[in-house]
Amino acid sequence: MKTNIGVFFGGRSTEHEISVISASQAMHAINRDKYDVTPIYITKQGKWYTGEALFEVANYRNIPALLGKCTEVYMKPIYDDYNLYKAKKSLFGSDVFTHLDVVIPVLHGSNGEDGIFEGVLESTGIPFAGCNTLSSANGMDKITMKMILQACDIPVVDYTWFTDKQWFAQREELIEKIESKLGYPVIVKPANLGSSVGIGRAIDREQLIEKIYDAERYSTRIIVEDMVEELQEINCSVLGDCDEYQASVCEEPIKSGEILSYEDKYMGGTKGAKGMQASQKRIPAELPDDETARIQFLASETFRVLSCHGVSRVDVIIDRKTRNIYVNEINTIPGSLSFYLWEATGISFDKLMDKLVQLALKRKRESGMKTVSYDQNIFSLGGGGVKGAKGGKLK
């Protein structure tokens, strides 16, 4: 029996379509002589479907027709149950559609890359590739991520943050804080989105207000960062776990404007959207050896201190004036799984997918060595009653 890999993608996210592209690339790269592949597509409404038709990106042009060829499925939130169940049970026979052995999530953005889906997987105990709930959440939220990096002496640009409710209640005070602490220009971002969604540049107060109102449409938490005016953006991928990892070659994405846009990232191919590998870029980035080494070190340290797992991409900024390097963000489920960076490093896409499966199984083995509960039942020790409860007497 071959190992059956469940690849989850789509989801309730502004990056839904990019997830479909990345997953299609990943599934076609998996070695079918070694593994079986079960695609699980999560619709924008949150329903799960599986079927052979999900392998081809062209089929997503007509979602109702696509889903008509598929089977709606779900997993039970029961530990050690790795089955995929049919949503509509048959009158006769089993309601199990298939058994999964390992999961590779390819869910970009909210409700997938932010730890929510990873929590579902952890509750069942199924081996899965990629960051766990904690590291996914910390990596996805730009505010929390920067706080952790700063505490670990990893350089980030100056920033401030606030909630959408604070913005509506204390707008003038927040504007004054931004202007006094950062000045202009600044970059305004939703705290927990990727793919450049909701991000804008502001050079004065009028633009600042406009961009914050745009960002708060997508997130309850907003971050405003000092903008490096003469910047050079460099990306580096990291593969492994937080104890054993390696960095890829670096790339320099080519942007059409002042900010690397959604279109720059995903619409660069002549035949339409093809994921991150379609964007314009230089691989390897044309950098001095010492700067390449510094970026690879910072990317690896970011991966390590956030306790990441699987494959991530770390985006950094170089100030062309000072040559200072800052970590901008980490993508714990990067577009196209950064396979093009690993191919340039000497690891083929099929080998990358194999490595992710092996990492998932390794983490499962290691987690099985930890104590998560006690066999002893304290309620059977005698002296019962509420006095035995933590906290003392019941009041």
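Tabulated data
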quantity: Contacts under 8 angstrom Cβ, first residue in segment 140-152 being within 23 Å of Leu107 (Cβ to Cβ), partner of a type in the set (Lys, Arg), 6 or more apart; calculated: Asp141/Arg221; Lys142/Lys189; Ile143/Arg221
quantity: Residue that is surrounded by the most Cβ atoms within 10 Å (Cβ to Cβ) [pool: residues in segment 304-329 that are of a type in the set (A, V, I, L, M, F, W, C) and farther than 24 Å from Leu361 by Cβ]; calculated: Val314
quantity: Flag for Gly68 being over 24 Å from the mean Cα position of the chain (by Cα), without any contact (Cβ under 8 Å) to a residue 60 or more places away in the chain and not assigned by TED's automatic domain parsing to the domain that holds Arg217; calculated: yes
quantity: Residue in segment 47-63 that is free of Cβ contacts under 8 Å to residues at least 40 places away in the same chain, surrounded by 19 or more Cβ atoms within 10 Å (Cβ to Cβ) and either in contact with a Gly (Cβ under 7 Å, 6 or more places away or on another chain) or assigned by TED's automatic domain parsing to the domain that holds Arg313 (or both) present; calculated: no
quantity: Matching entry among Val224, Val249, Val238 (being surrounded by fewer than 20 Cβ atoms within 10 Å (Cβ to Cβ), at pLDDT 95 or above and not acidic (Asp, Glu)); calculated: Val249
quantity: Tally of residues being in a helix (DSSP H, G or I) and closer than 23 Å to Thr332 by Cβ across segment 3-53; calculated: 14
quantity: Selection status of Thr292, at pLDDT below 95 and β-branched (Val, Ile, Thr); calculated: no
quantity: Residues located in segment 295-335, provided they are in a loop (DSSP other than H, G, I, E, B) and either out of contact with any helix residue (DSSP H, G or I) (no Cβ under 6 Å at 6 or more places or on another chain) or at pLDDT below 95 (or both); calculated: Arg320, Lys321, Thr322, Arg323, Asn324, Ile333, Pro334
quantity: Flag if Tyr184 is more than 16 Å from Val157 (Cα to Cα) and among the aromatic types (Phe, Trp, Tyr); calculated: no
quantity: Given (1) farther than 30 Å from Glu286 by Cα; (2) touching a strand residue (DSSP E or B) at 6+ places or on another chain (Cβ under 8 Å), number of the condition Glu172 does not satisfy; calculated: (2)
quantity: Close pairs (7 angstrom Cβ cut-off, 6 or more residues apart or separate chains): at positive phi in segment 111-137, among the acidic types (Asp, Glu) and not in a helix (DSSP H, G or I) anywhere; calculated: Gly125/Asp80
quantity: Selection within segment 165-203 - of a type in the set (A, V, I, L, M) and in a helix (DSSP H, G or I); calculated: Ala169, Leu174, Ile175, Ile178
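Listed here are the residues, each with its yes/no results for (1) of a type outside the set (A, V, I, L, M, F, W, C); (2) under 20 Å from Ala23 (Cβ atoms).
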{"position": "Glu72", "(1), (2)": "yes, yes"}
{"position": "Pro77", "(1), (2)": "yes, no"}
{"position": "Tyr85", "(1), (2)": "yes, no"}
{"position": "Ser90", "(1), (2)": "yes, no"}
{"position": "Ser94", "(1), (2)": "yes, no"}
{"position": "Thr98", "(1), (2)": "yes, yes"}
{"position": "Val103", "(1), (2)": "no, yes"}
{"position": "Gly112", "(1), (2)": "yes, yes"}
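The values are calculated or read from the model by the stated rules, or taken from the named source; none is laboratory data. Everything numeric in this text was worked out from a predicted model, so none of it was measured. Because the Cβ atoms are built from the backbone with ideal geometry, glycine has one as well, and the counts that use them run over all protein chains shown.
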